[in-house]
1. Count, please, the residues in segment 6-32 that happen to be modelled with pLDDT under 75, closer than 24 Å to L63 by Cβ and touching a helix residue (DSSP H, G or I) at 6+ places or on another chain (Cβ under 8 Å).
2. Could you give me the residue pairs with C-beta distances under 9 Å whose first residue belongs to segment 49-67 and is within 17 Å of N8 (Cβ to Cβ), whose second residue is polar (S, T, N, Q) wherever it lies, and which are 6+ apart or on separate chains?
3. Inside segment 33-56, can you point out the residues that are surrounded by 14 or more Cβ atoms within 10 Å (Cβ to Cβ) and modelled with pLDDT of 80 or more?
Amino acid sequence: MSVYELRNSIVHSYGGMIVEEASPKLVEHLSKLGLTRVLIGGRRIRLDPAALDMIINIVDSLLAELTAY
């Protein structure tokens with residue numbers, strides 16, 4: 001769910017998040033993913049390769065789990 005919320009925040013902000021202040025809900029989901037360092041000044045999300053790898057692994061694990069059913 002947190003990956004989905006992060007994706008929505010980026011996609012619905014036209015590829016990046018530049019706002020006056022990060023919403024508490026977004027900060028909560030970033031924290032659940034261990035991505036608190038990706039917020040720059042509370043206004044931008046900057047995903048480094050390690051963060052992208054982690055997100056890909058989460059999605060990959062979820063898809064593997066779903067195909068097991």
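The values are calculated or read from the model by the stated rules, or taken from the named source; none is laboratory data. What you are looking at is a predicted structure, and each value in this text was computed from that prediction instead of being measured. With ideal geometry, Cβ positions are generated from the backbone for all residues, glycine too; neighbour counts draw on all protein chains shown.
1. Residues flagged as modelled with pLDDT under 75, closer than 24 Å to L63 by Cβ and touching a helix residue (DSSP H, G or I) at 6+ places or on another chain (Cβ under 8 Å) within segment 6-32 amount to 2.
2. I58/S2
3. L33, L35, A51, M54, I55
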